[in-house]
1. Can you find even one residue in the range 10-18 that is outside any helix (DSSP H, G or I) and at pLDDT 90 or above?
2. Has the range 119-129 got any residue that is of a type in the set (S, T, N, Q), in a loop (DSSP other than H, G, I, E, B), free of Cβ contacts under 8 Å to residues at least 60 places away in the same chain and farther than 20 Å from Val301 by Cα?
3. Does the range 35-43 contain any residue that is in contact (Cβ under 8 Å) with a residue 40 or more places away in the chain and either closer than 19 Å to Phe98 by Cβ or crowded, with 23+ Cβ neighbours inside 10 Å (or both)?
4. I need a count of the residues in the range 113-131 that are modelled with pLDDT of 95 or more and either crowded, with 19+ Cβ neighbours inside 10 Å or hydrophobic (A, V, I, L, M, F, W, C) (or both).
5. Can you tell me which residue is modelled with the lowest pLDDT among those in the range 98-112 that are of a type in the set (A, V, I, L, M) and in a loop (DSSP other than H, G, I, E, B)?
6. Quick check on the range 83-103: of everything there that is under 19 Å from the mean Cα position of the chain (by Cα) and free of Cβ contacts under 8 Å to residues at least 40 places away in the same chain, which residue is farthest from Pro9 (Cα to Cα)?
7. For the structure I just gave you, tell me whether Glu62 is assigned to a helix (DSSP H, G or I) and within 22 Å of the chain's Cα centre (by Cα).
8. Could you grab me the full set of residues in the range 67-87 that are crowded, with 18+ Cβ neighbours inside 10 Å and part of a helix (DSSP H, G or I)?
Amino acid sequence: MYEVAIWTPVNKTEGFGHFYRMMGLYEQLLENDISTTYFTNSEYIKLEQVDILQCITVKIKEVIDFLKSSLIKVLIIDNYNITLEDLGYISKYFKVVFFDAKFKNPNVDVIINFNPYAFEHYLTKHDSTMYFLGLEHMYFRKDLMDIQNISIKKDTVFISIGGTDITETTYDLLKYLPDNLIYHIILGKGCSDKYHQRIFQYLEDNNFIFHIYIQPNNYFELMSQCEFAICSCSTTTYELIFLDKQFLCINVISNQNMITSYLNKQGVVTFKKDCLKGIGKIIKLKRSKKPTYKKNKYSTVLVNTIKILSNKELGYE
C-alpha cells in the first residue's frame, strides 16, 4: 500500500498540466523512499510509467473511503474541482498538501504554489498551515534536470501548446509560421488522430520542414535543442526559463492569466489565442527577452515535511 497519494485529473477535458506539474515532486518522494502513487476519480489517459489509483466517483465520501482502504496518510491535491467544503471534510481523514492555484488559502496542513507572485496573495496566513511559495519550491522533472551539454540546432522552433490542445491553438498558429524555419511540434495523447492529421496535412501542403511528435519520451531533449520555442502560458514556461531559452507564450485559458502577467513584467512576449496577429514577426526574429532564473538545488524542506506528515498517526473518524 501507499503512504502518499497525489490527486490530479489526467484526461482530455482537464488536460495533463496538473499531472505533469506534480511529476517532479512525485519523483523526489520516491527517491526519498516515500511510497507514493497518483490518484484520480475520473477516467484517465496513461501517460507515464507511474502508479495510478482510480475510483470513478464525484462523491467525496466515496473518494475518502477508497483512499482510507488504501491506507493513504497524506493526500497531495492538485485539482481545480475541489471546493473549500471538500477540503474541510477531507482534512478530517488525511494530512492535506494543497496546490493552491486559485489562492483559496484553505486551512490545511501544507499549501504550495509555484507562482512567482504567490507571496503577494497570502498576506494573511493560518497558524497551523505551512506555506511553500514561489518558483524555488517547484520540483522539475528528473529528465529536465539531467539535461546537459546539448548542442543547439540552428533555425529550429519547438512548439508545445498542451497535451489536449482543446482550443486547437496549434492549428490556428500554423498560418502565421515563417516558412524558412524547422519546426518540432509536440502533440499530446489527448489530441485526436483527426487533429494530428489536420496539422500534418497543412504543413505538408505548404511545404514546411517539420517533425511531429506524439507525447515523446525525449520531450526535454527536443526542447533543449531548439533555438526558439512557442508554448502556452503554463508550467512549460518555467521549464523553458530553467533551460535559458528564448520563447514566446500564448495564453489559451483564463487560469493562465497570472503566469501571463508575470511573463509580461519579465519582458516575455505573450499573445492571446484569439489574437495571434504579429506572432510571425517574433518567430522569424527568434528573439524574446529571457527572464532570469537562479538554478538552485532542490529545497528538501517540502519533501521532508511530507515525510514527517506520512509518519504521523491518523485518527480516522
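The values are calculated or read from the model by the stated rules, or taken from the named source; none is laboratory data. None of these values were measured; they are calculated from a predicted model. As a convention, Cβ positions derive from the backbone with ideal geometry for all residues, glycine included, and neighbour counts pool all protein chains shown.
1. Scanning the range 10-18 turns up no residue that is outside any helix (DSSP H, G or I) and at pLDDT 90 or above.
2. Pass one, the range 119-129, residues of a type in the set (S, T, N, Q): 124, 128-129.
If we keep only those that are in a loop (DSSP other than H, G, I, E, B) as well, we get 124, 128-129.
Then drop every residue that is not free of Cβ contacts under 8 Å to residues at least 60 places away in the same chain, which leaves 124, 128-129.
Filter once more, so that each one left must be farther than 20 Å from Val301 by Cα: 124.
Yes: the range 119-129 contains one or more residues that are of a type in the set (S, T, N, Q), in a loop (DSSP other than H, G, I, E, B), free of Cβ contacts under 8 Å to residues at least 60 places away in the same chain and farther than 20 Å from Val301 by Cα.
3. No, that holds for no residue.
4. Looking only at that region, the number is 1.
5. As a first pass, look at the range 98-112 and keep what is of a type in the set (A, V, I, L, M): 101, 108, 110-112.
Right, trim to in a loop (DSSP other than H, G, I, E, B) and you get 101, 108.
Working: Ala101: 88, Val108: 97.
Only one residue tops the list, namely Ala101.
6. Taking the range 83-103 and keeping what is under 19 Å from the mean Cα position of the chain (by Cα), we get 97-103.
This time we only want the ones that are free of Cβ contacts under 8 Å to residues at least 40 places away in the same chain, so: 98, 100, 103.
Details: Phe98: 14, Asp100: 15, Phe103: 19 Å.
Filtering the range 83-103 for residues that are under 19 Å from the mean Cα position of the chain (by Cα) and free of Cβ contacts under 8 Å to residues at least 40 places away in the same chain, the one farthest from Pro9 (Cα to Cα) comes out as Phe103.
7. On the way: assigned to a helix (DSSP H, G or I): yes; within 22 Å of the chain's Cα centre (by Cα): no.
Criteria not met by Glu62.
8. Leu67, Leu87
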